[in-house]
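J.: Handing you a structure now.
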Amino acid sequence: MSFLGFGGGGQSQVSSQQKVQAAEAELDLVTDMFNKLVDNCHKKCISSSYSEGDLNKNESNCLDRCVAKYFETNIKVGENMQQIGQNFQAAGRL
Amino acid sequence: MSFLGFGGGGQSQVSSQQKVQAAEAELDLVTDMFNKLVDNCHKKCISSSYSEGDLNKNESNCLDRCVAKYFETNIKVGENMQQIGQNFQAAGRL
Amino acid sequence: MSFLGFGGGGQSQVSSQQKVQAAEAELDLVTDMFNKLVDNCHKKCISSSYSEGDLNKNESNCLDRCVAKYFETNIKVGENMQQIGQNFQAAGRL
Amino acid sequence: MDSLNPREQQEFTRLIEQKQMKDFMRLYSNLVERCFSDCVNDFTSNKLTSREQTCITRCSEKFLKHSERVGLRFQEQNAAMGQGLGR
Amino acid sequence: MDSLNPREQQEFTRLIEQKQMKDFMRLYSNLVERCFSDCVNDFTSNKLTSREQTCITRCSEKFLKHSERVGLRFQEQNAAMGQGLGR
Amino acid sequence: MDSLNPREQQEFTRLIEQKQMKDFMRLYSNLVERCFSDCVNDFTSNKLTSREQTCITRCSEKFLKHSERVGLRFQEQNAAMGQGLGR
């Protein structure tokens, strides 16, 4: 649950409230990612004809690869954001 | 507002905070359902040509049936989830 | 950040909590509007072919106009809502 | 709901009011998004055309009437459902 | 997470339980929305046709199996990622 | 906003910082979703192709530049609007 490194060391003087909030923010991020994964892999892999209730072989294979590729995309985007770096800070602000 | 049975009996030793939270969760669920209903029935029934500001007869009829069918779908999905039961518990967890 | 007039005068006997909540609600509204602006202008102006990482001239011009038109739409919808007025109150309620 | 005591009921009422403010704001911003998305498609100028303005006016009016009608049916269904389940 | 003391850990656990309830409700309402959107397209009557009912049943079943599978793969990838990063 | 006293202002500042963290995370996860959705369409293997990688890189870069430009215009419009309304 710590794949972006939140909740890790380096924050020695933060309050209890801040620590719980950081942990909560991380949990929300993981939950959000999981929900997006479910949605996006459904779009990519599941036909909406519903000729059966089971996942067929094609759908199952597609889902496994979809999750793997979503994680790889997640890492790649993180790397890109670090490179773009300071530009990003401006963009992230209202 | 109690159609899923939250806030009902059977919870004798819960704290005030938990009761208010459960009532809040139920309210959020109903609000969320209402918002989804508005969105989905708009997609199914309202043409985006906007040749007039009033709802015409076709749109009005479509909306009434759309709401009824959304509720029926809600019940049917609830029944299906109960049948699938334990499988579901695994799926609902991260 | 006060374009809808929240946090303004007229509320003389509100508690600290209510004032902070009103300010928070206003901030949420502006953030939400910004996020919708980013999404909608992306849909209207950015091609998903991604033949380059930079914004080209057409995309840049389109974005500038898109933001201006989104704000004008925001004002126009506000005016319409005020006219429709009391009807609206009924619609806004569950 | 009947299991909340007066103190809890009061807190819950405050919470509902807070949510209603948020609901109103969400409705407003969703309306802007919907009507912009459906009506505005010309980005050769930075002013709304008169055609776009008419479309936005009708879109807003129709959406509010739409929400109102869906709201009424929602309440009826919810009430009917409560009865059917013997509540 | 290991930097939370027991008191913080407890508060965090309470928070997780609260979120799980919300997650469950969101799953439920998303399932309704998805299956309605994919399966219900006839608005000449106010009752689901038998064809629509069958579609909804399969849609729910398939979606839950889908979420379950994605959840398992998600956990595996998350664990693998933790190892790769030396955690 | 000018009606908040220093104590309220402080609480509001803390709240903004908390929201900025959430905003950053949402931006990140939206970026992943958008670029995955637009760029990844081959599910015959579980590794990104080089074509998909290039697409993701451009998609991220373009989206950040897009957000930045929209953010600048948003601030300008917001400021102009404040003036026009005499605030």
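The values are calculated or read from the model by the stated rules, or taken from the named source; none is laboratory data. Predicted model, so just to flag it, every value in this text is computed and none were measured. Cβ atoms come from the backbone with ideal geometry, glycine included; neighbour counts cover every protein chain shown. We work out accessible area using only protein heavy atoms, side chains counted, and drop any ligands, DNA or RNA first. Shrake-Rupley method; radii C 1.70, N 1.55, O 1.52, S 1.80 Å.
J.: Within 10 Å of each Cβ in peptide D:46-56, how many partner chain Cβ atoms are there on average? Round it to a whole number, please. Before the final figure, lay out the partial values.
T.: Values: counts 10, 4, 6, 1, 0, 0, 4, 3, 2, 4, 7.
Across D:46-56, the average partner-chain Cβ count within 10 Å equals 4.
J.: Determine, for each peptide in F:51-62, A:21-32, the mean count of other beta carbons within 10 angstrom over its residues, then list the peptides with the highest first. List each step's numbers first, then the result.
T.: Working: F:51-62: 20.4, A:21-32: 18.8.
Ranked by mean Cβ neighbours within 10 Å, highest first: F:51-62, A:21-32.
J.: What list of ³J(HN,Hα) values in whole Hz, one per residue of segment E:63-69 in order, does the Karplus curve 6.51 cos²θ - 1.76 cosθ + 1.60 (θ = phi - 60°) give from phi, with Gly and Pro shown as x?
T.: 5, 5, 5, 4, 4, 4, 5
J.: How much length would be gained if the chain were fully extended between residue F:45 and residue F:80, taking 0.36 nm per residue of separation minus their Cα-Cα distance, in nm to one decimal? Can you show the working numbers first?
T.: Values: separation 35, 0.36 × 35 = 12.60 nm, distance 5.13 nm.
Computed gain between residue F:45 and residue F:80 is 7.5 nm.
J.: Okay, moving on. What are the principal axis extents of the Cα atoms in segment F:6-85, in Å, biggest first?
T.: Principal extents (largest minus smallest coordinate, Cα): 58, 30, 14 Å.
J.: Once the other residues with Cβ under 12 Å from the Cβ of residue F:76 are scored (Lys, Arg +1; Asp, Glu -1), what is the net sum? Mind showing how you got there, number by number?
T.: Values: positive: F:69, F:73; negative: C:64.
Neighbourhood net charge equals +1.
J.: Answer with one residue from E:75, E:53, E:27: the one whose Cα lies farthest towards the positive end of the charge dipole of chain E, charges on Cβ with Lys, Arg +1 and Asp, Glu -1.
T.: E:53
J.: What average count of beta carbons from other chains do you get within 10 Å of the Cβ of residues in C:56-63? It would help to have the intermediate numbers written out before the result.
T.: On the way: counts 1, 0, 1, 4, 3, 3, 2, 7.
Per residue, the number of nearby Cβ atoms from other chains is 3 on average.
J.: I've got another one for you. With angles folded into 0 to 90 degrees, how steeply does helix D:6-39 sit against the dominant principal axis of chain D? Use alpha carbons for both and round to 10.
T.: 20 degrees
J.: Further question on the same structure: How much FRET efficiency would the formula 1/(1 + (r/R0)^6) give for residue D:54 and residue B:47, where r is the Cβ-Cβ distance and R0 is 22 Å, rounded to 0.05?
T.: On the way: r = 15 Å, r/R0 = 0.70.
Efficiency, rounded to the nearest 0.05: 0.90.
J.: Which semi-axes, in whole Å and largest first, does the equivalent ellipsoid of segment D:16-62 have when worked out from the alpha carbon gyration tensor as the square roots of 5 times its eigenvalues? Mind showing how you got there, number by number?
T.: Numbers: eigenvalues 147, 23, 10 Å².
Values for segment D:16-62, descending: 27, 11, 7 Å.
J.: Now for a different question. Given the pairs A:19/B:36; C:43/C:76; E:19/F:19; D:22/F:65; C:43/F:22; A:36/B:43, which span a C-alpha to C-alpha distance of over 27 angstrom in this model? Each step should come with its number before you reach the end.
T.: On the way: A:19/B:36 35 Å; C:43/C:76 21 Å; E:19/F:19 18 Å; D:22/F:65 30 Å; C:43/F:22 23 Å; A:36/B:43 22 Å.
Pairs exceeding the cut-off: A:19/B:36; D:22/F:65.
J.: Which order, highest average first, do F:26-37, A:63-74 follow once you tally other Cβ atoms within 10 Å for each residue and take the mean per peptide? If you can, show how the numbers build up before the last one.
T.: Values: F:26-37: 20.8, A:63-74: 22.7.
In descending order of packing, they fall as A:63-74, F:26-37.
J.: Among B:45-52, E:3-10, how do they line up from the highest to the lowest mean number of other beta-carbon atoms within 10 Å? List each step's numbers first, then the result.
T.: Values: B:45-52: 14.6, E:3-10: 12.6.
By packing density, highest mean first, the sequence is B:45-52, E:3-10.
J.: Roughly how crowded by other chains is peptide E:16-24, in terms of the mean Cβ count from those chains within 10 Å of each of its Cβ atoms?
T.: Working: counts 5, 2, 6, 4, 4, 7, 7, 6, 7.
Average neighbour count from other chains, rounded to a whole number: 5.
J.: What accessible area, in Å² to the nearest ten, does a 1.4 Å probe give for residue D:76?
T.: Here the residue's solvent-accessible area equals roughly 100 Å².
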